[in-house]
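The following block contains the structure, expressed as structure tokens.
Each value in this text was obtained by applying a stated rule to the coordinates, not by laboratory testing. Keep in mind the model is a prediction, meaning the values are calculated, not measured. All Cβ positions, glycine included, derive from the backbone under ideal geometry; neighbour counts span all protein chains shown.
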Amino acid sequence: MPSHAGTQPTDALITAERLNRVYHRPRTSLTRPGAAVHALRDVSLTVRRGERHGIVGESGSGKSTLLRLLCALDQPTSGSIRFDGQEITGRPERRLRFLRENLQIVFQDPMSSLDPRMRVRDLVAEPLTALGLPVGDRVAELLDAVGLPAEAAGRYPHQFSGGQRQRIAIARALAPRPKVLVADEPVSALDVSVRGQILNLLADLVDELGLTLVFVSHDLSVVRHVCETVSVMRQGEIVEGGLVDDVWAEPAHPYTRELLAAVPTLEGFA
Amino acid sequence: MLSVEGLTVRADATDLVHDVSFAIAPGERVGLIGESGSGKSLTALSLMGLLPEGVTAAGRARLGERDLVGVPESRIKGLRGDELSMVFQEPMTALNPLMRIGAQVTEVMTLHGRSRQEARARSAELLERVRLPEPAQIARAYPHQLSGGQRQRVMLAIALANEPRLLICDEPTTALDVTVQKQMLELIAEVAPALLFITHDLAVVASVCERVLVMYGGRVVESGPIREVFTRPRHRYTQGLLAASKLTPRGTRLPVIEGGVPAAGRFPGGCVFRNRCPHATPECETPPALTGDGHAFACWHPAD
């Protein structure tokens, strides 16, 4: 199911068509193969240039599998993904340079995504050195952009709070000047009082740098604040997609309605 | 029924929880909210006599006529899992992976003096009470064969086994999906004899509890009936936390509390929130007392 009608192919930046991903469980019998798990079933998705697209689902919905495929960290069993017109499935890593330069990821837990033995300077510069790009003054520039002091460069990740670490992860992701930022539950591990700071920062950077954002979350209300469009996933399928405001106001699929009803809110407390 | 007075939890020379007082009546559901490092879990662990090595509690906490703080482990052991019990955040680490579910539910009853036969019969009832489908089958299963939500229901069955007077839940639904969380919250609210519910999620606490204690920097900074505290917060921290919890429409700035939660022992003297508070004045260098009847707050410059 296409995520939203009326998408013009010319401004499509990421086009995924009929993606399937089947995992095999380890075999439990000598004579029979392990059970197959359909992590994704015929998922199609288009993200346009400059769009902020949210992917919402619970554990086991396939959102992480889809994300891994979009970032070419895993290969689909069948289907195709085009990034800026180029097919990315089936390519060896050495032919994915255009993707690595243009698409960067911010993970959920900055404690496990930042190497504890590297200084912030090297962490932020690593995507550049890995791609053979000049570092120059880029680290200072990036730290400033994410609201960290210049002297942060000489320190280690453990010397920062959760919110500051997520700022470091964002600076690192922005280093090679990507077109697309993929954020996988970037605020789920943060305290409420810090969450707003990171969401505001992401919104500012996406605006200023004209980024395309793919934002994965289990929380539809966070997606509603950040994104224009959304895909709701369940059991490996996109069950509903479209403009966030439409989905929020009038969820068409019973699962989306259930999801919306289940989220505890502070509404009623003015 | 539970009364806590001047509870202080200390590691070396650092106060991690400072002078916390509250009470819970039978049948009452009280929420304890705060961000990481606020001292909410330590408060609960000190009531359970489960503080980590090197961390000590002082002050007074009584469940009915029985003291919980400053008594030897041998005395607490008889109460824990019997008169008061606790459900933890991570059901995978709280359950023994090598024991069948049924045996883990009966164990807590035989440990507190019930006959094996009686415990076994009751464990089937308990699994049914927490609305596990096919309780007989679940009793024979191992923890890894259950989903996260099912495991947490088993934890609740174990906690309820000896009909405790007080149930403590520490972030019981944080690791669960929202649709599963909703069922679990409804179940907890229904079965808890009296509840101390710990969470960082204000919306969750609003759906379960009647009264709330807001902790920050190891202190209770505000307390009162949930409706009052959440509609008319007085402490500037509570006010900021509520504002930050509501997600405004796209394209608008989210209200934030500046800075981050300091590490343990790094909170400022006086009002613990003053280094992040937009209303702080030199007066805030003196610690404000928690004052007020019903709805209490510890702030020199409260919101209207």
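Suppose a student asked you for the relative contact order of region B:93-163, using Cα pairs under 8 Å spaced at least 6 residues apart; what percent would you report?
Reported relative contact order: 45 percent.
Pick from B:CYS209, B:CYS277, B:CYS169: which residue has the top mean-square fluctuation in a GNM of chain B where Cα pairs under 10 Å get a spring?
Greatest mean-square fluctuation among the candidates belongs to B:CYS277.
Then there's this: With no solvent and one equal point scatterer per Cα, compute the Debye intensity ratio I(q)/I(0) for region B:123-270 at 0.10, 0.13, 0.19 Å⁻¹ and report its log10, rounded to two decimals.
With one equal scatterer per Cα and no solvent, log10 I(q)/I(0) is -0.47, -0.73, -1.17.
Region B:8-94: D in µm²/s via Stokes-Einstein (Kirkwood Rh, Cα pairs, 10 °C, 1.306 mPa s)?
113 µm²/s
Normalised by the number of residues in chain B, what is the relative contact order in percent for Cα pairs under 8 Å and 6+ residues apart?
For chain B, the relative contact order is 21 percent.
Also: Hey, got the Cα dimensions of region A:133-270 along the principal axes, in Å, largest first?
In descending order, the Cα extents are 52, 34, 27 Å.
Looking at the protein assembly as shown, which Cys residues are left with no other cysteine's beta carbon under 4.7 Å from theirs?
Among the cysteines of the protein assembly as shown, those whose Cβ sits 4.7 Å or more from every other are A:CYS71, A:CYS227, B:CYS169, B:CYS209, B:CYS277, B:CYS299.
Projecting each Cα onto the charge dipole of region B:188-304 (Lys/Arg +1, Asp/Glu -1 at the beta carbon, about the Cα centre), which of B:ILE188, B:THR281, B:VAL220 comes out farthest on the positive side?
Result: B:THR281, furthest along the dipole toward the positive end.
Hey, another quick one. Please order A:THR265, B:THR286, B:THR106 by the number of other Cβ within 10 Å, starting at the fewest.
Ascending number of Cβ neighbours within 10 Å: B:THR286, A:THR265, B:THR106.
Give me the one-decimal nm value for the distance between modelled label points at A:LEU209 and B:ASN275, 7 Å along each residue's Cα-to-Cβ direction.
3.0 nm
What's the Kirkwood radius of the protein assembly as shown in Å, using all Cα pairs?
It works out to 25.9 Å.
Most exposed first by the Cβ proxy, i.e. fewest other Cβ within 10 Å, how do B:ARG62, A:ARG48 rank?
Ascending number of Cβ neighbours within 10 Å: B:ARG62, A:ARG48.
Regarding region A:106-181, what's the average projected area of the Cα-atom convex hull, expressed in nm²?
The directionally averaged projection comes out at 4.6 nm².
Dipole magnitude of chain B about its Cα centre, charges +1 at Lys/Arg Cβ and -1 at Asp/Glu Cβ only, in debye to the nearest 20?
480 debye
Here is a follow-up. Given the C-alpha atoms of region B:93-163, compute the convex hull and give its volume per residue in Å³.
It comes to 77 Å³ per residue, whole-number rounded.
Let me ask something else. In peptide A:222-230, how many Cβ atoms from other protein chains are near each Cβ within 10 Å, on average?
That works out to 2 on average.
To the nearest Å, what is the center-to-center distance of region B:1-49 and region A:101-150, using C-alpha atoms only?
Cα centroid of region B:1-49 versus Cα centroid of region A:101-150: 40 Å apart.
Here's a follow-up. Report, in debye and to the nearest 20, how large the dipole of region B:103-199 comes out about its Cα centre when Lys and Arg carry +1 and Asp and Glu carry -1 on their Cβ.
That gives a dipole near 280 debye.
Here is a further query. Could you state the number of Å between the C-alpha centres of region B:144-184 and region B:286-301?
A separation of 34 Å, based on Cα centres.
Moving on. Give me the tail of P(r) for region B:1-157 as a percent: Cα-Cα pairs with distance above 18 Å.
When all Cα pairs of region B:1-157 are counted, 64 percent exceed 18 Å.
Here is a follow-up. Within 10 Å of each residue's Cβ, count the other Cβ atoms and sort A:PHE160, B:PHE297, B:PHE197 from fewest upward.
Lowest count first: A:PHE160, B:PHE297, B:PHE197.
What does the C-alpha gyration tensor say about the overall shape of region B:205-261? Classify as rounded when a/c is under 1.5, otherwise prolate if a/b is larger than b/c, or oblate.
In terms of gyration-tensor shape, oblate.
Which one of A:GLU240, A:GLU101, A:GLU208 has the biggest mean-square fluctuation once chain A is modelled by GNM with Cα springs under 10 Å?
Taking springs between Cα atoms under 10 Å, the residue moving most is A:GLU208.
Hey, got the dipole for the protein assembly as shown? About the Cα centre, +1 on K and R Cβ, -1 on D and E Cβ, debye to the nearest 20?
With Lys and Arg at +1 and Asp and Glu at -1, about 1400 debye.
Antiparallel DSSP bridges in the protein assembly as shown: what percent, to the nearest 5?
Taking every DSSP beta bridge within the protein assembly as shown, about 55 percent pair in antiparallel fashion.
What list of whole percents do you get for P(r) of region B:236-304, with Cα-Cα distances grouped in 5 Å bins up to the one holding the largest distance?
3, 15, 22, 22, 19, 10, 6, 3, 0
Kindly state, to the nearest 0.05, the FRET efficiency for A:GLU87 paired with A:VAL135, given R0 = 30 Å and r defined as their beta-carbon distance.
Result of the calculation: an efficiency of 0.45.
Same structure, new question: Give the percent of DSSP beta bridges with both residues in chain A that are antiparallel, rounded to the nearest 5.
55 percent
If you average the sequence gap of Cα pairs under 8 Å that are 6 or more apart and divide by the length of chain A, what percent do you get for the contact order?
Across chain A, relative contact order equals 24 percent.
Further, regarding this structure: Assuming 1.002 mPa s and 20 °C, estimate D for chain A with Stokes-Einstein, Rh taken as the Kirkwood radius over Cα pairs, in µm²/s.
109 µm²/s
Please provide three numbers in whole Å: the alpha-carbon extents of chain B along the principal axes, with the largest listed first.
Here the Cα extents, ordered largest to smallest, are 65, 50, 32 Å.
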